[in-house]
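Working notes, beginning with the structure itself.
Every number here is computed from the coordinates shown, using simple stated rules; none is lab data. Just so we're clear, the structure is a prediction, and the values are computed from it rather than from any experiment. As a convention, Cβ positions derive from the backbone with ideal geometry for all residues, glycine included, and neighbour counts pool all protein chains shown.
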Amino acid sequence: MNRDRRITKEELKVAVNEAYIKFKRNEEGRNACYIPYLANVNRELFGIAVCLPNGEIITAGDSNYRFGIESISKVATAILVLKEYGTETLLDMIGADATGMPFNSILAILLENEHPSTPLVNAGAISAASMVRPVGNSRGKWEAIRENIAELCAGELPLIEELYKSESVSNHSNRAIAWLLKSYDRIYDEPEMSLDLYTRQCSLGVTTKELSIMAATIACGGYNPVTKKELFSRRIAERTTSLIASVGFYERTGDWMYSAGIPAKSGVGGGILGILPGAFGIAAFSPPIDNAGNSVRAQLAIRHIMEQLNLHIFSGERALIVEDEKN
Ligand code: GLN
């Protein structure tokens, strides 16, 4: 029995454009207001990009606009730490469990027996930043973080200085998290330095197109289809996608996986990256977010594309994007 589901590139393009037009005027959600810079980004911006395993990118809207990567950077640094320490050590030092709680939850740390849970929530991400090598060397760590994100996105990401300043003066709860983790021996370098690295990585500017390349690299088992470089192992790709599937939308992850059927990770800057293993990497961006911190238009767009093309990851079929017409 053939378990492949063939989707033509044309069908994918139609679904992407349809999603763009359908949700462009959606007025739900509000820009993140707890970080002053994000509150002032134009709320009308909206971009979608899908990167295929051959490196081709299908886009709609503002896919070249540069915005704060925010929590999507957690995925990149998790990959870096997985490369440096291996999959088992990450499980031991940080964990891979869903918290079911908001991204900056302190209660989650207490309930998980003083454990950061997963590198994809703030606690685990600060912990991951503390693990990045060379330990004890802030500049060396920052270079490693930036270089890794640049390789994933096929382009150097600039630091949005204004965003970095804005976050640095308003990240009090993250500082509390860093020091709480320190008291549980879950910060593996200097806490203030680890917090600063985390804040800086969140303030990198990325485009929707670049995010789709990062997503495609994970979807292709560590192979960047644009630069044609093998960046990490299949094992790391599968574990990263597992982390995303279980906690990518924080307390809304279950609802999302159930309905959209694609492991996806959000950032409060309005970006979302989704991974359909073997098929494509998708990204969407629009600043207004819901109360769990996930972009409203980006969620609607990705879910629409998944539904239109019947691509749910648990459908029992393997999606293949093909050039020719379906017969
Ligand atoms: N920098 C933000 C924070 O730590 C990132 C949160 C997010 O994107 N969910 O609060």
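Tabulated results
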quantity: Cα-Cα over 20 Å, subset of Lys74/Lys265; Lys13/Lys209; Lys74/Lys228; Lys83/Lys229; calculated: Lys74/Lys228
quantity: Long-range HN-HN contacts of Cys220 with modeled amide H, under 5 Å; calculated: Gly278
quantity: Under-5 Å amide H pairs with Leu231, H placed in peptide plane, nonlocal only; calculated: Tyr223, Asn224
quantity: Ranked by how many other beta carbons lie within 10 Å on average, peptides 166-179, 258-271 from highest; calculated: 258-271, 166-179
quantity: Calculated from backbone phi, Karplus (6.51, -1.76, 1.60) coupling profile of region 316-323 in Hz, x at Gly/Pro; calculated: x, 10, 9, 7, 10, 8, 10, 6
quantity: For Cys51, net neighbour charge (Lys/Arg +1, Asp/Glu -1) across residues whose Cβ lies under 14 Å away; calculated: +2
quantity: Note, ³J(HN,Hα) from phi for region 291-299, Karplus 6.51, -1.76, 1.60, rounded to Hz, x at Gly and Pro; calculated: 7, 9, x, 10, 4, 5, 5, 5, 5
quantity: Kirkwood Rh in Å, taken over the chain so that all alpha-carbon pairs contribute; calculated: 19.3
quantity: Potential extension, Asp92-Asn291 segment - 0.36 nm per residue separation minus Cα distance; calculated: 68.5 nm
quantity: Taking Arg234, Arg133, Arg200, Arg139 and counting other C-beta atoms within 10 Å, the order from fewest to most; calculated: Arg139, Arg234, Arg133, Arg200
quantity: Local electrostatic count, Glu317, Cβ distance below 10 Å [Lys/Arg +1, Asp/Glu -1]; calculated: +3
quantity: Alpha-carbon radius of gyration plus Dmax, which is the widest Cα pair, for region 54-94 in Å; calculated: 15.3, 42
quantity: 5 Å-binned pair-distance histogram of region 80-211 (Cα, whole percent); calculated: 2, 11, 21, 22, 22, 15, 6, 1
quantity: From the C-alpha gyration tensor of region 20-135, square roots of 5λ in Å; calculated: 31, 20, 13
quantity: Sorted by Cβ neighbour density within 10 Å, fewest at the top, the residues Met214, Met131; calculated: Met131, Met214
quantity: In degrees, nearest ten, helix 172-183 long axis to first principal axis of the chain (Cα); calculated: 60
